[in-house]
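Okay, so here's the structure we're looking at.
The values are calculated or read from the model by the stated rules, or taken from the named source; none is laboratory data. This structure is a prediction, so every number in the text was calculated from the model and none was measured. Cβ coordinates were reconstructed from backbone atoms using ideal geometry, including for glycine residues, and neighbour counts include every protein chain displayed.
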Amino acid sequence: MPKLTIDGQAYEAERGKTVIQIADEVGIDIPRYCYHPDIGIEGSCRMCMVEVKGAPKLMPACATPIAEGMEIRTKTERVHEAVRYAMEFLLLHHPIDCPVCDQSGECWLQDYYMAHAGHDSRFPLGQKTRRRKAFDLGPLVKLDQERCILCTRCVRFTRNVTKTNEVQVFNRGHRSEIGIFEDRPLNNPYSGNVVDICPVGALTSSDFRFQVRVWFLKGTPSVCAGCSTGCNLRIDHSARAVGGGTPGYTATDGKIYRTIGRRNVDVNKSWLCDEGRLSFHTLEHWPRLRSAMTGGETRAVVELLPGIHEHFDSIRKAYGNSAIAALVSATNTIEALFLTKKYFDGRVDFRLGKEVELYEQRQDDLLRRLDKHPNTRGALDLGLANELNGLSGLLRRAERKEIRGMWISFHPQLVGQDAPEILEQLRQLIAALEFSVVSTTHDFGWARAASVLLPMASWAEEKGTYTNYAGRLQITNRAVMPPGDAWPLHALMAELLNLSGVQVSHDPDVIFDWISREVPLYAGVDYDAIGFSGAALAQPAEPVPEVVR
Amino acid sequence: MTPAKGGYAVDVPVMNVSQKARQEHATVWSTFRAFAVTLRRLFTSLFKGDTPTIYYPEQTRPYSERFRGTHILTVRDDGSLKCVACYMCATICPAECIYIQAGEHPNPEIEKFPTRFDIDMMRCIYCGFCVDACPEEAIIMSREHHQCAYNRDETIYGIEKLMARPGIDAKGPGYRPNRPMAEAKIFDKETQKACPIPSVIDERHPAVLYESMIRKRD
């Protein structure tokens, strides 16, 4: 373990790391454009220069490995001057179109200009080199060559992470520019990440482009619900009402504008797949269910819950405990699954299709997995894969009148389509039941036949925990409010449990404390322990086999 | 510089009011003098046409060049909207009355333009911050200050109404820090009939909508 000093403070660091990595670990800010921890080192932007004692010239912190007894200074006048000249060089032909640039507000050029440069350009605006603007690299990415600083983060991403090599540097010297080959657009399933890692406004997202200025957005750390990988992301949503009191102006419920990968080395590094990145749009595909319905009329959820409880109670008294059951979804949070299990006395299943076989299987080498539910592992950990045998088993029992009353909670898949045979089986199940309560996020036609239809909060509208394929417990946060009268499933179940005489809080934090007291797997874990980056659970539900593709 | 008489910057005659009041005596003659003033005004109004009354609203006093009235969206030479939808005005607006939706402009040099630009005139406090914030002098203010509408929907001004309306032609431009304007123009129906790049795709050009602005009560 070499010992080194940075800015007069002594540190002990791991051999083989570079100076900028150590500085990031201990929280010393070194400006950088080309360095990114997950894509390899280039050393092209010359922003991270530091003074090393004994070296005649300044050294780039991203490409200098640490050595025993190194004395590094990052805040000297020499360093400041080097950064200022690097900034002037990078901004020499910058078009200064910040007013129309989507990066404006989160642009590293703006940040470092204010912090380190503050100069006037030596080129008047009319004499700057013009290059191609706003052309499509692929379906999700637009390139503006005037704003590009040639840090080659995007090139290294396609070379080292996706290994597809679509983006390249063309020409040499002052003619260098980022581009693609004519017949090979940037259309790999992870292309949206180049927009996230671009430090300037050169690469912008076609999906988010011109939707909103970034300073109106509020970021909520959350977890993707697109598949069982559970990538960490940040949901950017409207933070305050913009505009006057006209319908459609005032964002009282909030609106999600984009999602951005959040760095978690244990799960997804900094990356998101394009399907997961755009999965929040799936919530807008169908009209949302805004109020509860029974017998064709609209009612408030809170009025209907006592009736639902009485119905289940009378079925339970007349036909025994086995006549009621629940079919939940692997997109429900652990808190909701646990409370459902409590209310239905363990007679709960979650399997619609082949989730359990698929949840550990990779779809490709990077992130995506074949099971498109975020919490299959969490449902397995709670023992919800039981003798009820999933949707088909429940359908058989309902047709034999062994089960007469059921709660069905349905979330549409955020990525891909729900299999039509599953929806057909759900329709048959509702038809076979005497009393059915369907809680769902959207106004689906097949669900209208249910005795009671309840609106439910979807992903990003409820707080809770998911367990990903590898047994990592992660918190999904509420970014926006559920539409209309929609409740999260854990709140619906907490209310039903309250009616049956068990006092339960609606707060997922408190519900999780109950889970950690009762389920040995979660013993000693609470929301504080999970935090932003999740907590690995003690033991896996089953041994994890190594399956590739 | 010698201090001006009476402490004013310009030479103002100083009058001792109490002194003057003491000199005036209330007599019968002063009553007749008052009648004479009234009669003189009567005859000058009748025969010389010198009336101090302003027939508002047909006549108004001249307003300042810096008057902060209802906004104007300015245009380029070809009649397309100058605004690039940068949201600076919406960001600075303390009343949060500006709503913008941006779209992709067919010309990559311009890149961005507003497909919707609404100002809620009932919320607006006419502070003029939007004019100061604008990097393109795309929004200025007029000397028009009447807000007459049959319902509240009409007080939300869209692009067409902000670009051209009878009030702008009648009252002229008001607060615009860059006077005379360097690049922007006020939309003129006569000269800017042809618009090569439409400011609003799939909708009629603002000039066509000019007549339809004054809605009649049903």
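Quick one: which residue in A:ARG258, A:ARG347, A:ARG288 is under 30 Å from the mean Cα position of the chain (by Cα), buried (at least 20 other Cβ atoms within 10 Å of the Cβ) and not hydrophobic (A, V, I, L, M, F, W, C)?
After applying the criteria, what remains is A:ARG258.
So B:ASN107 ticks every box in (1) at pLDDT 90 or above; (2) assigned to a loop (DSSP other than H, G, I, E, B) but one. Which box is left unticked?
Tallying (1) at pLDDT 90 or above; (2) assigned to a loop (DSSP other than H, G, I, E, B), B:ASN107 fails exactly one: (1).
Among B:GLU160, B:GLU144, B:GLU137, which is on the phi < 0 side of the Ramachandran plot, buried (at least 16 other Cβ atoms within 10 Å of the Cβ) and assigned to a loop (DSSP other than H, G, I, E, B)?
Being on the phi < 0 side of the Ramachandran plot, buried (at least 16 other Cβ atoms within 10 Å of the Cβ) and assigned to a loop (DSSP other than H, G, I, E, B) holds for just one of B:GLU160, B:GLU144, B:GLU137, which is B:GLU144.
Among the residues of region B:40-90, how many are among the hydrophobic types (A, V, I, L, M, F, W, C), within 30 Å of B:ILE100 (Cβ to Cβ) and in a loop (DSSP other than H, G, I, E, B)?
5
What pairs come up if the first residue lies in region A:3-30 and is small (Gly, Ala, Ser), the second is in a loop (DSSP other than H, G, I, E, B) and surrounded by 12 or more Cβ atoms within 10 Å (Cβ to Cβ), and their beta carbons are under 9 Å apart, counting only those six or more places apart or on different chains?
Close Cβ pairs (under 9 Å, with a partner that is in a loop (DSSP other than H, G, I, E, B) and surrounded by 12 or more Cβ atoms within 10 Å (Cβ to Cβ)) amount to A:ALA13/A:PRO2; A:ALA13/A:ILE66; A:GLY16/A:ILE66; A:ALA23/A:ILE30; A:ALA23/A:CYS48; A:ALA23/A:ALA61; A:ALA23/A:THR74.
Out of region A:505-549, which residues are basic (Lys, Arg) and at pLDDT 90 or above?
A:ARG517
Check every one of the helices (runs of 4 or more DSSP H) wholly within region A:487-533 and list those with 3 or more residues that are out of contact with any Pro (no Cβ under 8 Å at 6 or more places or on another chain) and more than 30 Å from A:LEU453 (Cα to Cα).
Output list reads A:508-518, A:527-530.
Just the residues that are touching a Cys at 6+ places or on another chain (Cβ under 7 Å), more than 22 Å from B:ASN151 (Cβ to Cβ) and facing chain A (nearest Cβ under 8 Å), please, taken from region B:78-132.
B:MET88
Evaluate the following for A:ILE149: is it more than 14 Å from chain B (Cβ to nearest Cβ) and not in a helix (DSSP H, G or I)?
yes
With the condition kept exactly as written, say whether any residue in region A:319-334 is touching a Leu at 6+ places or on another chain (Cβ under 6 Å), assigned to a helix (DSSP H, G or I) and surrounded by 17 or more Cβ atoms within 10 Å (Cβ to Cβ).
no
Can you tell me which residues in region A:124-141 are closer than 11 Å to A:PRO185 by Cα and either surrounded by fewer than 19 Cβ atoms within 10 Å (Cβ to Cβ) or charged (D, E, K, R) (or both)?
Residues satisfying the conditions are A:ASP136, A:PRO139.
Going by the conditions given, is B:SER64 among the small types (Gly, Ala, Ser) and either at the interface with chain A (Cβ under 10 Å from one of its Cβ atoms) or over 30 Å from A:ASP102 (Cβ atoms) (or both)?
For B:SER64, the condition - among the small types (Gly, Ala, Ser) and either at the interface with chain A (Cβ under 10 Å from one of its Cβ atoms) or over 30 Å from A:ASP102 (Cβ atoms) (or both) - is met.
Among the residues of region A:127-142, how many are more than 13 Å from every other protein chain (Cβ to nearest Cβ) and not in a loop (DSSP other than H, G, I, E, B)?
Qualifying residue count for the region: 2.
For region A:165-180, which residues satisfy the criterion of being more than 18 Å from A:ARG131 (Cβ to Cβ) and either in contact with an Asp or Glu (Cβ under 8 Å, 6 or more places away or on another chain) or in contact (Cβ under 8 Å) with a residue 24 or more places away in the chain (or both)?
Once the filter is applied, which keeps residues that are more than 18 Å from A:ARG131 (Cβ to Cβ) and either in contact with an Asp or Glu (Cβ under 8 Å, 6 or more places away or on another chain) or in contact (Cβ under 8 Å) with a residue 24 or more places away in the chain (or both), region A:165-180 yields only A:GLU166.
Within the bounds of region A:109-117, is there any residue that is within 14 Å of chain B (Cβ to nearest Cβ), surrounded by 20 or more Cβ atoms within 10 Å (Cβ to Cβ) and under 27 Å from A:ASN193 (Cβ atoms)?
no
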